[in-house]
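Reading through the structure tokens given below for one structure.
The values are calculated or read from the model by the stated rules, or taken from the named source; none is laboratory data. Keep in mind that what you see is a predicted model, and the values were worked out from it rather than measured. Ideal geometry is used to build each Cβ from the backbone, glycine not excepted, and the neighbour counts take in all protein chains shown. Remember, those area values only see protein heavy atoms, side chains included, never the ligands or the DNA or RNA. Shrake-Rupley method; radii C 1.70, N 1.55, O 1.52, S 1.80 Å.
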Amino acid sequence: MPKITKSFVEKLTEEGWYRDTELKGFCVRVRQSADGRLSKTYAINNKVRGTGKLVTVTIGRHGVISTESARIEAIRILSELARGDNPNFKVQQKNEAARQEIAHNERVTELESRTLSDLLKDYLRTHDLKERTARGYTKLAARCFGEWLDLPVKQITRDMVQEKHLNLSGEHPAQSNYAMRVLRALFKYAIAVYEDDQGKPLLLMNPVDRLSHARLWNRIERRQRLI
């Protein structure tokens, strides 16, 4: 078997493994597809030192990578095998890391798109509320937070909550307090439940807490009943 060169590879017409005479383990594999076309791939076929395991490490296809570059890469891979390292493990680990990164990004994107309407539905689905109470929450959300229902919960800020509470308090201070208590419960639920695959929460604070920290809740006088 001669040395693997560009001219030698281009003349190959039969399927099989062709091994280099100078660099042990360096070879080119020729395969024929269903339509009769030949594919020629540079690879390493050698044992991992210390394990005796024969492994095949793909380098690249002829035409995509030059024969000279494939030989240089082959020397690098063979040095890894000589140290007892299997390059295929690194590729698997890299692919798995990439898969996990994609899954993580998809989860984060899905979380960050959760709207106030989604949050309300999740809350009602997971809490054992009376039907009348659940209907009341839905009507309250539509009446007091209608323009926020399609807004991602992450975009609802403390300033927005403070302004909303002030606007609602104009005519109905008690109802404004009640609406904010419901909203606070929804965000408390989101903080506890909405987290990514690594356990990182979507929300780090409850925007309704601004009303307590700044003492902005409306004072409601208790009704006095005369008997």
Among Ile59, Asn167, Val9, which residue has its Cα positioned farthest towards the positive end of the charge dipole of the chain, with +1 placed on the Cβ of Lys and Arg, -1 on the Cβ of Asp and Glu, and the dipole taken about the Cα centre? Asn167
Its Cα gyration tensor gives segment 1-62 an equivalent ellipsoid whose semi-axes in whole Å, largest first, are 23, 14, 8
How large is ³J(HN,Hα) for each residue in segment 40-51, as worked out from phi by the Karplus curve 6.51 cos²θ - 1.76 cosθ + 1.60 (θ = phi - 60°), to whole Hz, x for Gly and Pro? 10, 10, 7, 7, 10, 10, 7, 8, 7, 4, x, 10
Given a 1.4 Å probe, how much area per residue of segment 1-129 is accessible, in Å²? 64 Å²
With a 1.4 Å probe and every protein chain left in place, tell me how much accessible area Tyr178 has, in Å² to the nearest 10. 100 Å²
Grab the other residues whose beta carbon is less than 13 angstrom from that of Thr67, score K and R as +1, D and E as -1, and report the net. +1
Using a/c under 1.5 as the rounded threshold, could you call segment 64-114 rounded, prolate or oblate? The axes a ≥ b ≥ c are square roots of the C-alpha gyration tensor eigenvalues, and prolate needs a/b larger than b/c, oblate otherwise. oblate
Tally the DSSP beta bridges in segment 19-73 and give the antiparallel ones as a percent, rounded to 5. 95 percent
Using alpha carbon coordinates only, what is the Rg to Rh ratio of the chain, with Rh defined as the Kirkwood radius? 1.39
Relative pair counts by distance (%), Cα atoms of segment 34-107, 5 Å bins: 3, 15, 18, 16, 16, 14, 11, 7, 1
Along the principal axes of its C-alpha atoms, what lengths does segment 110-227 span, in descending order and rounded to whole Å? 58, 33, 24
Over segment 10-83, what percent of the accessible surface lies on carbon and sulfur atoms, probe 1.4 Å? 49 percent
For Glu195, residues with placed amide H under 5 Å, excluding near neighbours: Leu202
Which three numbers, in whole Å and largest first, are the semi-axes of the equivalent ellipsoid of segment 129-177 derived from its Cα gyration tensor as √(5λ)? 20, 16, 8
Mind listing the long-range amide H neighbours of Ile59? Cut-off is under 5 Å, sequence gap 5 or more, other chains count too, H placed in the peptide plane at 1.01 Å from N. Tyr42, Ala43, Ile44
